[in-house]
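Okay, so here's the structure we're looking at.
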Amino acid sequence: RIIFTRKSGSASHWTGLGIETASLENSMDYVEISYAGNSNLFSGVGQTNLALGNNARLTLTNSIISNSLGYGIDVRFTADLTESDNTFSDNANDDINYQ
């Protein structure tokens, strides 16, 4: 498992991860992304753990998305998210936001 989270002992959230490419190779499996969303990742995407920008593509499986100050995942309307067998918890706004 690969873990993206805030610094140990910190109470602050970090910015998050953003994907802006349409590569068919964009995939994450057994990843944990937590405690992000302290600011907007890029234009048009709000507070989130993981954002998919315009025309971005991602396959996300067997992962944990939790404790975002906003959305667990924010997906622009031209992006393509394929996801399965993921666990979502304690994301402030919602687990996935499709714009």
Next on the checklist: Is there a quick way to get the dipole size of the chain? I mean about its Cα centre, with the Cβ of Lys and Arg at +1 and of Asp and Glu at -1; what is the value in debye to the nearest 20?
Outcome noted: 340 debye
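Would you tally the net charge around residue 98, using a Cβ to Cβ cut-off of less than 13 Å, leaving residue 98 out, and scoring K and R as +1, D and E as -1? Could the numbers behind the result be given before it?
Details: positive: 76; negative: 74, 80, 83, 94, 95.
So the environment of residue 98 carries a net charge of -4.
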Checklist entry - When the accessible area of region 26-71 is split by element with a 1.4 Å probe, what percent falls to carbon and sulfur? => result 39 percent
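For residue 61, what charge total do you get from the other residues with a beta carbon under 9 Å from its beta carbon, if Lys and Arg give +1 and Asp and Glu give -1?
Values: positive: none; negative: 29, 83, 85.
For residues surrounding residue 61, the net value is -3.
Mind checking the per residue accessible area of the chain for me, 1.4 Å probe, whole number of Å²? Intermediate results must be reported in sequence, preceding the final value.
Values: 5220 Å² over 99 residues.
Heavy-atom accessible area per residue stands at 53 Å².
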Checklist outcome for this item: Given 55-64, 40-49, 15-24, the highest-first ranking by average Cβ count within 10 Å works out to 40-49, 55-64, 15-24
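Plugging the Kirkwood radius over Cα pairs into Stokes-Einstein for region 1-40, at a temperature of 25 °C and a viscosity of 0.890 mPa s, what D comes out in µm²/s?
Working: Rh = 11.7 Å.
So the translational diffusion coefficient is about 210 µm²/s.
Given the peptides 71-81, 27-37, arrange them by the average over their residues of other C-beta atoms within 10 Å, most packed first. Could the numbers behind the result be given before it?
Working: 71-81: 20.9, 27-37: 19.4.
Peptide ranking by packing, descending: 71-81, 27-37.
The values are calculated or read from the model by the stated rules, or taken from the named source; none is laboratory data. No experiment lies behind these values; they were computed from the predicted model shown. Methodologically, a virtual Cβ is constructed for each residue, glycine included, from the backbone with ideal geometry; neighbour enumeration extends over all protein chains shown. Keep in mind that these areas ignore ligands, DNA and RNA; they rest on the heavy atoms of the full protein, side chains included. Shrake-Rupley method; radii C 1.70, N 1.55, O 1.52, S 1.80 Å.
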